[in-house]
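K.L.:
Structure below; questions to follow.
The values are calculated or read from the model by the stated rules, or taken from the named source; none is laboratory data. It should be emphasised that the depicted structure is a prediction, and the values quoted were computed from it without experimental measurement. Backbone-built Cβ (ideal geometry, glycine too); neighbour counts: all protein chains shown. To get the accessible areas, we keep the full protein, side chains included, count just its heavy atoms, and leave off ligands, DNA and RNA. Shrake-Rupley method; radii C 1.70, N 1.55, O 1.52, S 1.80 Å.
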Amino acid sequence: MSFSLPAVAKLNLFLHITGRRADGYHNLQTLFQMLDFGDRLHFKADNSGEITLSCSDPSLNGSDNLIYRAAQLLKPFAPAAAGCQLYLEKNLPMGGGLGGGSSDAATTLHGLNKLWQLGLSTQQLAELGLRLGADVPVFVHGTTAFAEGVGERLQAVKLPEKIYLVVTPHCHISTAAIFSHPQLKRDTPTMVLADLMQRNWQNDCQPLVEQLYPIVAMTLQWLLEYSPCRMTGTGASVFAEFPDAASAQHALASLPASCNGFIARGVNQSPLWAALTDTDSNS
Ligand SMILES: C[C@@](CO)(OP(=O)(O)O)[C@H](O)COP(=O)(O)OP(=O)(O)OC[C@H]1O[C@@H](n2ccc(N)nc2=O)[C@H](O)[C@@H]1O
Ligand SMILES: Nc1ncnc2c1ncn2[C@@H]1O[C@H](COP(=O)(O)OP(=O)(O)O)[C@@H](O)[C@H]1O
């Protein structure tokens, strides 16, 4: 059996940090917006009992790849002879706050659950995924969602499906470094979702990242000429909403050389779900 599945990006439409837990992780309130753009993963079953992974970007070939680690988590649920050959087409910038690695891991969990016919529920896959990263469960559920806790307490939210321009300045920001920085704002009061939806949306990591990485501040200034904009996750990517693809394209055409960008639609359900249903009807 073989098939391929998408691993889409997310935006954090807002990101509030409401406190720090004893284990160093932070409690968040965030609105995850799924996009219709991302990586693609190819799955092929074999009877080698081995997991092999290759990537369009060879720097991702190692065993610390979240895809490989997700596959290892599922291996104990499969017969000893169950093996797979995985190939990652990497389209998303790495370490950009778009959740690409977490999304790849979530797609791997769903893909191997299908390939090896494990019959695990979405909830079981999300719980396994949380061991790999705080961002993995939302991609396993694959819906635009409000998240609390470290990102694992999820409530699906339906939003208008808007067009976004996503711009990634050429700098790498470590999530761990931002969360451990003494100047990070960690005291935003917890609010109920209805109130959060009414407010101006903000990202609590943005002021610190703008200060530490002037290129992010400059990119936001450039994008602000076209539309109100914010940062996603711990950066470095920033985004703005546009009324249509043509106006987003107009801004993209004058993108500074210090950045990459793409246009995507916000979707309430990840295209992963439709692709999983297609593999059902084709297998
Ligand atoms: C901030 C967010 C918002 O969506 O996005 P990104 O910018 O990474 O995409 C995520 O919560 C990131 O999730 P993820 O990238 O899976 O984080 P993890 O691998 O679990 O953690 C990386 C590091 O960030 C810190 N961390 C992460 C999440 C959290 N709620 N509190 C934290 O303090 C921890 O120090 C941890 O060592
Ligand atoms: N499949 C993967 N794709 C991207 N990055 C990965 C993957 N597996 C592990 N990583 C590591 O995770 C880091 C963060 O990846 P990514 O998910 O792209 O960023 P972010 O969490 O900021 O959205 C990368 O710098 C890379 O070292």
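K.L.:
Output the number of the condition that Q221 fails; it satisfies all remaining conditions of (1) open to solvent by 50 Å² or more (accessible area, probe 1.4 Å); (2) over 30 Å from A22 (Cα atoms); (3) at pLDDT below 95.
P.N.:
The single condition Q221 does not satisfy is (3).
K.L.:
Taking the conditions exactly as written (open to solvent by 10 Å² or more (accessible area, probe 1.4 Å) and within 13 Å of ligand 2 (Cβ to nearest atom)), does A134 satisfy them or not? So that I can check it myself, show each step before the final result.
P.N.:
Numbers: open to solvent by 10 Å² or more (accessible area, probe 1.4 Å): yes; within 13 Å of ligand 2 (Cβ to nearest atom): yes.
It is true that A134 is open to solvent by 10 Å² or more (accessible area, probe 1.4 Å) and within 13 Å of ligand 2 (Cβ to nearest atom).
K.L.:
Out of the residues in the stretch 79-90 meeting the condition of being in contact (Cβ under 8 Å) with a residue 40 or more places away in the chain and open to solvent by 40 Å² or more (accessible area, probe 1.4 Å), tell me which one is farthest from L118 (Cα to Cα). Full working, then the answer.
P.N.:
Residues of the stretch 79-90 in contact (Cβ under 8 Å) with a residue 40 or more places away in the chain: 84-90.
Restricting the remaining residues to those that are open to solvent by 40 Å² or more (accessible area, probe 1.4 Å) gives 85, 87, 89.
On the way: Q85: 17, Y87: 21, E89: 25 Å.
Across the stretch 79-90, the extreme among qualifying residues is E89.
K.L.:
State whether one or more residues within the stretch 91-103 are more than 7 Å from ligand 2 (Cβ to nearest atom), in contact with a Leu (Cβ under 8 Å, 6 or more places away or on another chain) and open to solvent by 20 Å² or more (accessible area, probe 1.4 Å).
P.N.:
No, the stretch 91-103 contains no residue that is more than 7 Å from ligand 2 (Cβ to nearest atom), in contact with a Leu (Cβ under 8 Å, 6 or more places away or on another chain) and open to solvent by 20 Å² or more (accessible area, probe 1.4 Å).
K.L.:
Taking the stretch 1-35 as the search range and keeping residues that are among the hydroxyl-bearing types (S, T, Y) and within 16 Å of ligand 2 (Cβ to nearest atom), which one is surrounded by the fewest Cβ atoms within 10 Å (Cβ to Cβ)?
P.N.:
Y25
K.L.:
Taking only the stretch 43-78 into account, find how many residues are more than 16 Å from ligand 1 (Cβ to nearest atom) and either closer than 17 Å to L5 by Cα or without any contact (Cβ under 8 Å) to a residue 40 or more places away in the chain (or both).
P.N.:
First pass over the stretch 43-78, keeping only residues more than 16 Å from ligand 1 (Cβ to nearest atom): 43-59, 61-63, 71-72, 74-78.
Still in the list and also either closer than 17 Å to L5 by Cα or without any contact (Cβ under 8 Å) to a residue 40 or more places away in the chain (or both): 43-59, 61-63, 71-72, 75-76.
So the count comes out to 24.
K.L.:
Shifting gears a bit: Which condition does R153 not pass, out of (1) in contact (Cβ under 8 Å) with a residue 12 or more places away in the chain; (2) touching a strand residue (DSSP E or B) at 6+ places or on another chain (Cβ under 9 Å); (3) more than 14 Å from ligand 2 (Cβ to nearest atom), if it passes all the others?
P.N.:
(1)
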